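K.L.:
What follows is a structure written as structure tokens; I'll ask about it next.
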Amino acid sequence: MAYQRLDHLIMKIQAIVLAAGMGTRMKSYLPKVLHRVCGQSLVERTIRALKESGVAKTTVVVGSGREQVELELSRIGIGGVDTAVQESQNGTGDAAKSALPNLTEETAVILPGDIPLLSADVLKTAIASIKTEVPLLFVSFKAENPKGFGRVIRDNNGSVVAICEEKDCNDEQRKIDEVNAGIYFCSKSFLEESLSSLNTDNAQGEYYLTDIVSYACEKGLAVEAICVEPAIALQGANSRKDLSALEIVRRSQIAEMLMDNGVTLEDPSQTYVDEGVKVGKDSWLGAGTRLKGSTILADNVVVEGNSIIENCTIGSGSHIKISSSLEDSEVGENTAIGPCAHLRPGSKIGNNCKVGNFVETKKSVLHDGVKAGHLSYLGDAEIFPEANIGAGTITCNYDGTNKHKTQIGKKAFIGSNTCLVAPVEVGDKAYIGAGSTITKKVPDRALGLGRSRQTNKEGWNKD
């Protein structure tokens, strides 16, 4: 049978991502491909690498935890991705066969969904190597410890003759350090024919995808293996130990990129920055900092140690002090947050503000110049410019059934230990006396008081 040249077909390539396995060595209720490295699931990392390499279409083979994987694919929201179902877990060859009805392009790249450090560059290197008339090319690497990997078997001329899974290797074959990365480029016609030839005559009683290499060699077809470096870029995550080791490598790579782009890290080994987070020049990150999700830090932002910032934007010149927690919030320029402050989802803090120690905000807007220095809870509130919130202030926003809004006017002064029972308004330049419970609107420039008159009982203490 004549097979089409891969180099003629490479502009129309479709990926088959094998993501049907549960990953028993993870000891997890979560499918293996949903475990994360630097904030991204393994399957997301694979799909993004494919997209960046120029692969337009991807079929993800799902099986164990199908609904969870499909939900993750929906969350990722990358176009050109569909799914195929492997009904029973019967090996990688069977998984690839499940995707054949979805294969519309004439060239396929088949790869596992659990290679966390796989990059577009590695895939582009493999693609660039497709220059000869071969129906099959696969990626290999030299492993320092090849245990667990399928060995690449070559003849005396260096030509590939087979891939042998470790359980099927003899003692000599186990010494081979060139191993299979599990990434195959092949023509659609060859893939259909070779997959139909697979059998379960092996130590695991499964359909091995690796056997398509032996099939090609038996047919006298040329098979190429491209040995890619660095090897770490092709290491799979089969256990929690693997996952942790690869997380450390990727975290180190992200730290180096940040420093190369003008960010100071107090201790790179103790800085945890997710994939996709953006940090501006001359920013400073303290030890124990965690930047997660879609967080964006502008230039010259200081984040002190042990702070956690998730899905937030922080404006230029702002200072996040030690052990603060921010999630799904916005912070303007030249604003100080913390120490030990908590910005809950929906908080919008303006420019030149201060949200001090043990202040908590939730779904509140603090306009420019607002100061809340100590020990306050500000929920469902809008606080206009230059208002001052005294220590111990609470917006009592929840009546047991519904949430209500508090509004505090420009340059208002809220005395310490005030309870603002929402819905309530405090006018511009109004004052609230310390220790008050405010249940009614306070007009502009008025003084609001809501507390009992002090009574002293002389001689109360008889000692």
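K.L.:
Take the residues in the stretch 195-221 that are within 37 Å of the chain's Cα centre (by Cα) and of a type in the set (Phe, Trp, Tyr), then tell me which one is surrounded by the fewest Cβ atoms within 10 Å (Cβ to Cβ).
P.N.:
The residue in question is Tyr207.
K.L.:
Still on this structure, please answer the following. Hey, does the stretch 308-316 have a residue that's among the polar types (S, T, N, Q), under 21 Å from Lys371 (Cα atoms), assigned to a loop (DSSP other than H, G, I, E, B) and in contact with a strand residue (DSSP E or B) (Cβ under 8 Å, 6 or more places away or on another chain)?
P.N.:
Within the stretch 308-316, none of the residues are among the polar types (S, T, N, Q), under 21 Å from Lys371 (Cα atoms), assigned to a loop (DSSP other than H, G, I, E, B) and in contact with a strand residue (DSSP E or B) (Cβ under 8 Å, 6 or more places away or on another chain).
K.L.:
Moving to a separate point now. If you scan the stretch 208-252, which residues turn out to be touching a residue at least 40 places away in the same chain (Cβ under 8 Å), out of contact with any Pro (no Cβ under 9 Å at 6 or more places or on another chain), polar (S, T, N, Q) and closer than 24 Å to Leu34 by Cα?
P.N.:
Within the stretch 208-252, Asn238, Ser239 meet the criteria.
K.L.:
Please specify each residue of the stretch 222-237 satisfying the condition of being at pLDDT below 90 and surrounded by fewer than 17 Cβ atoms within 10 Å (Cβ to Cβ).
P.N.:
Ala222, Glu229, Pro230
K.L.:
Okay, next question. For the condition basic (Lys, Arg) and closer than 17 Å to Ile226 by Cα, what is the one hit in Lys142, Lys175?
P.N.:
None of the others qualify; the one that does is Lys142.
K.L.:
Determine which single condition Cys186 fails, assuming it passes every other condition in (1) in a helix (DSSP H, G or I); (2) modelled with pLDDT of 90 or more; (3) in the same structural domain as Thr104 (by TED's automatic domain parsing).
P.N.:
Checking Cys186 against (1) in a helix (DSSP H, G or I); (2) modelled with pLDDT of 90 or more; (3) in the same structural domain as Thr104 (by TED's automatic domain parsing), the one that fails is (1).
K.L.:
Continuing with the same structure: Identify the residue in the stretch 141-172 that is of a type in the set (Gly, Ala, Ser) and within 19 Å of Leu111 (Cα to Cα) and, among all such residues, is modelled with the lowest pLDDT.
P.N.:
Our first condition is that a residue be of a type in the set (Gly, Ala, Ser); within the stretch 141-172, this holds for 143, 148, 150, 158-159, 162.
Adding the requirement that they be within 19 Å of Leu111 (Cα to Cα) leaves 143, 148, 150, 162.
Working: Ala143: 91, Gly148: 84, Gly150: 90, Ala162: 87.
Here the answer is Gly148.
K.L.:
Which residues, taken from the stretch 145-161, are at positive phi and either surrounded by 16 or more Cβ atoms within 10 Å (Cβ to Cβ) or not assigned by TED's automatic domain parsing to the domain that holds Ile212 (or both)?
P.N.:
none
K.L.:
Let me ask something else about it. Among the candidates Gly346, Gly338, single out the residue that is of a type in the set (Gly, Ala, Ser), crowded, with 18+ Cβ neighbours inside 10 Å and either modelled with pLDDT of 95 or more or assigned by TED's automatic domain parsing to the domain that holds Tyr272 (or both).
P.N.:
Gly338
K.L.:
Another question, then. Considering only the stretch 35-56, state which residues are touching an Asp or Glu at 6+ places or on another chain (Cβ under 9 Å), crowded, with 17+ Cβ neighbours inside 10 Å and modelled with pLDDT under 95.
P.N.:
Correct list: Ser53 only.
K.L.:
Quick one: in the stretch 99-140, of everything that is among the charged types (D, E, K, R) and farther than 20 Å from Arg45 by Cα, which residue is modelled with the highest pLDDT? Steps first, answer last, please.
P.N.:
At the first step, the residues of the stretch 99-140 found to be among the charged types (D, E, K, R) are 105-106, 114, 121, 124, 131, 133.
Now drop any that are not farther than 20 Å from Arg45 by Cα, which leaves 105-106, 131, 133.
Working: Glu105: 90, Glu106: 86, Lys131: 60, Glu133: 68.
Top of the filtered list is Glu105.
K.L.:
Here's a check for you: in the stretch 222-260, which residue that is of a type in the set (Asp, Glu) and within 26 Å of the chain's Cα centre (by Cα) is farthest from Val160 (Cα to Cα)?
P.N.:
If we take residues in the stretch 222-260 being of a type in the set (Asp, Glu) and within 26 Å of the chain's Cα centre (by Cα), then Asp260 is farthest from Val160 (Cα to Cα).
K.L.:
Scan the stretch 117-148 residue by residue and report those that are under 20 Å from Cys186 (Cβ atoms), part of a loop (DSSP other than H, G, I, E, B) and either free of Cβ contacts under 8 Å to residues at least 12 places away in the same chain or touching a helix residue (DSSP H, G or I) at 6+ places or on another chain (Cβ under 9 Å) (or both).
P.N.:
Passing the criteria: Leu118, Ile130, Lys131, Thr132, Glu133, Val134, Pro135.
The values are calculated or read from the model by the stated rules, or taken from the named source; none is laboratory data. Quick caveat: nothing in here was measured; it's all calculated off a predicted structure. Don't worry about glycine lacking a Cβ; one is built from the backbone with ideal geometry, like all the others, and counts go over all protein chains shown.
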